Structure formats: structure tokens, C-alpha cells
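A short reminder: the numbers here are calculations on the coordinates, not readings from a lab. What you are looking at is a predicted structure, and each value in this text was computed from that prediction instead of being measured. Neighbour counts are summed over all protein chains in view; Cβ atoms, including those assigned to glycine, are modelled from backbone coordinates with ideal geometry.
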Amino acid sequence: MSDYSLKTFYRLLLKTETGLLVGLLSMMIVIAVIQIVMRNFMGAGLLWAESLLRIIVLWLALLGAMVASRNHQHIAIDVLVNKLPEQLRRFVMRLTRTITAGICFVVAWYSLKFVIDEYQYGGIAFGIIPHWLCEAIIPISLFIMAIRYLVSAVLLNEPKEAAQ
């Protein structure tokens, strides 16, 4: 795979992430407004709206975490790290990013097992949508974050958003 096609693929992934985030937020707002209007003027709302809104919140939270991890805009306590000598600071940054990647890999693994169990159980979230499909974002997002932190630890970079 050439360097150009790899960069193009990466930009496409970033745009897809951002597009999903914007699309889901817009959908959540529209459904919530429709639900409020229907309850106030018709006395009843959409049966599936509450379940869907909870699932959208889960997806927004995890997509938001993915975006924060790609831009290093996550919550970090780095008061002491910034005061360290350059070589020690770089070591501590590599170490914390590697540990973060490891934690994300472990949580992704166990959340994948959870999603597989949900698939085998066959529960329905709402309508014909199964629980496992709604929860699939958990291992996917954690795996992507783990890869990002691992790459960041190896390269010790401050990634810039390539999609912009």
C-alpha cells in the first residue's frame, strides 16, 4: 500500500468518524424534539424512541472518545509531566500511552466477549434491532483507541486531524 493511499484511507476513516458523530447527534436531536412534540400534543410518543436515544448516547460517547484520542484532547493529568526534563518526559509519555493502549485492548477484548454473549442470547433492543448490534460500538471504539495510543507511543507524536 503506497504512502498516498494510506493517507487517503486514514483521511476517509477520520471523515467517517466525524460524519457518524454529526449524523448521530443530529438524529438524536430530531428524535428527541419529535418525541417531545408528540407527547405534548398527542399524549403519546414513539414507542422505540427512548431506547434508541439511550443507544445513540452510548454511540456518541464512544465516538467522542475516539475523536478525543485521535487529537490527544482527552482528559489528562500532565502537570508534573510538563515539568520533567525532555528525555524523561518523552519516556513517561511513551509509558502512559503504552499502558493506556494495553488497558484499551483488555477492555476491548472483554467487551467483545460481552457482545458475542449478547449475540448468542439473541435479545432485542427495540423493533427488530438486536442488543449486540447496539453494543458493537464498545469493542470497536476501544480497539481503535488502543491502536491509536499504541501508534502514538511508538511514534511519540501529537497527531493532527488529517481530515481538516
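Assorted remarks:
- q = 0.13, 0.15, 0.22 Å⁻¹: log10 I(q)/I(0) that the Debye formula gives for the range 3-155, counting C-alpha atoms only: -0.77, -0.93, -1.35
- Residue-averaged 222 nm ellipticity for the chain, from DSSP H runs of 4+ at -39500 (n - 2.57), nearest 500: -26500 deg cm²/dmol
- For the chain, the longest principal axis of the C-alpha atoms and the axis of helix 3-42 are separated by about 30°.
- Acute angle (nearest 10 degrees) that the helix 137-155 long axis makes with the longest principal axis of the chain, alpha-carbon atoms: 10
- Using only side-chain charges placed at the Cβ, +1 for Lys and Arg and -1 for Asp and Glu, the dipole size of the chain relative to its Cα centre rounds to 440 debye.
- In order along the range 89-97, the Karplus-derived 3J(HN,Hα) couplings, from 6.51 cos²θ - 1.76 cosθ + 1.60 at θ = phi - 60°, round to 4, 5, 4, 4, 5, 4, 4, 5, 5 Hz, and Gly and Pro are given as x.
- Sequence-distant contacts, meaning Cα pairs under 8 Å at least 6 residues apart, place the relative contact order of the chain at 29 percent.
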